[in-house]
Structure formats: structure tokens, C-alpha cells
Amino acid sequence: MVSVTAAQAHAAAKRGHLRDLGLPTMFGAVVLLVSATLLLGANISALRGNLAQVAHAQQVVNKIAELETGLLGEEMIVRGYALTGDASFLRMQRSGAQKREAAQNELARLMAAEPQRADQVRRVMDDIARHVEIFGNLAGNGPDKAGIVARAIVDPSVRDNMRRVRTGLRQLRANELDDLGVRQREITEQLGRAFFLAIGIIITAFVLGGIGIWAAQLHHPQKH
């Protein structure tokens, strides 16, 4: 039987310690992988929330554009009928009013999710209601009453209301676009952080896992 030298004993002891570390190291790798999975899950959940808010802001901007188009269309139709008396303008007025009302109601519904802008939205809706009332009353005036339409359109109070409506909608759109920009930047930063953190954890987990497997496979030298 060959005796074991001190160097061999020391090497064997070292391999024994490394082998004992194999299982804890692999367990640590598994924990890191689970942590990476949970991290990605949390970031995906937050990302969905931000994407939903981005979609909301885009919907608001689209409805504001529809509402602006509808209000301007009603003004043009009233003027067109007063100048020409063409009955097709009245049909367009009824159709346009339905679309404008639908856009207005949808905008109000969307903005209900933004209580921080409740006062701003209320002022805009009040100005729109006044605008609709004014041009709704003027809608049936043909060429024989064109003077009534002309005087109403140049009336300072009417013009001031028209200005407030346009300004209010522009400000509302600007606020939503600001929010949209913030959310898009947050999404970009969030994706970057999640990517690098996850990659770092996964690489570390694989390195630890490899070390653990290598350590677990170490054997004590056989005695002869």
C-alpha cells in the first residue's frame, strides 16, 4: 500500500472543500435564475402599465383632433348654408353634429381617468357646449338671414368663445403629448435596465452553475 504524502492529503482536502461547495453554489445559481425571472416579470407588468397609459394618451390626442375637426366643420357648414342655401349643408350639419358629439363624449370618458385635469376638462367642455349652442341656433339660417350669421360670427363674445375652445383643446393636447413623451422615455429606460440586469444575473447564474457542477464532480484520490 502506497502511503499518502502531505501534499496529496492537502490537495485531497482542498478538493473535498470544493466538492462540498458544489451543491450550495448550484443552489445559488438557481436562486439567481429565479430572481431574474421574477425581475423580468415585474418589469413586464410595469411595462404593460406604461404601454396602457401611452395608448390612453394617443386615444385622447386622436379624439381631440376629431373634436377640433367636428367643431370647425360645424362653423363652415353654418357659413356655407347662409351663403348658398344649399340643403346639403343641413344634412352635413346633422351628420357632423353626431360625429362631433360622439367624439366629445368619448373624450370626456377618456379624461375621467385623469382626475388631475378635471378642472381643465370641465372648462373646455363648458366652452364647447356654448360653442355648440351658438352654431346650433345659427344652423337653419339661409341666405335670407345671412346677416344674422355674419353678425353672430363677428360678435366679440362669440369670437372669444371660439378662441377659448381652440386654446383649451390645444392645451389639453399639449399636456397629453407631454405625458406621452414622459411615458415613452420611461419605457425605453425601463427596457434598458431590465435587459442589462437580467443579462447580468443570468450570466452570473450560469457561471455559478458551471462552477457548482465542476466542484460537485471532484473526487477524492483513491488510496492504494
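Give me the number: length gained by fully extending Ala198 to Arg185, i.e. 0.36 nm times residue separation minus the C-alpha to C-alpha distance, one decimal in nm. Display every interim value, and only then the final one.
On the way: separation 13, 0.36 × 13 = 4.68 nm, distance 1.98 nm.
Fully extending the segment from Ala198 to Arg185 adds 2.7 nm.
For segment 174-183, putting each phi into the Karplus relation 6.51 cos²θ - 1.76 cosθ + 1.60 with θ = phi - 60° gives couplings of 4, 4, 5, 5, 4, 4, 4, x, 4, 5 Hz, in residue order, rounded to whole numbers and with x for Gly and Pro.
Note on segment 43-178: with charges restricted to the Cβ of Lys and Arg (+1) and Asp and Glu (-1), its dipole about the Cα centre is near 40 debye. Phi-derived couplings, Karplus 6.51 cos²θ - 1.76 cosθ + 1.60 at θ = phi - 60°, listed residue by residue for segment 69-81: 5, x, 5, 5, x, 5, 4, 5, 5, 4, 5, x, 5 Hz, with x used for Gly and Pro. If you average the alpha carbon positions of segment 111-150 and of segment 63-100, how far apart do those two centres end up, in angstrom? Result: 12 Å between the Cα centres. With semi-axes defined as the square roots of five times the eigenvalues of the C-alpha gyration tensor, the equivalent ellipsoid of segment 33-129 measures 43, 14, 8 Å, largest first.
Bear in mind these aren't lab numbers, they're just calculated from the coordinates by the rules spelled out. These figures come from a predicted structure and were not determined experimentally. Ideal geometry is used to build each Cβ from the backbone, glycine not excepted, and the neighbour counts take in all protein chains shown.
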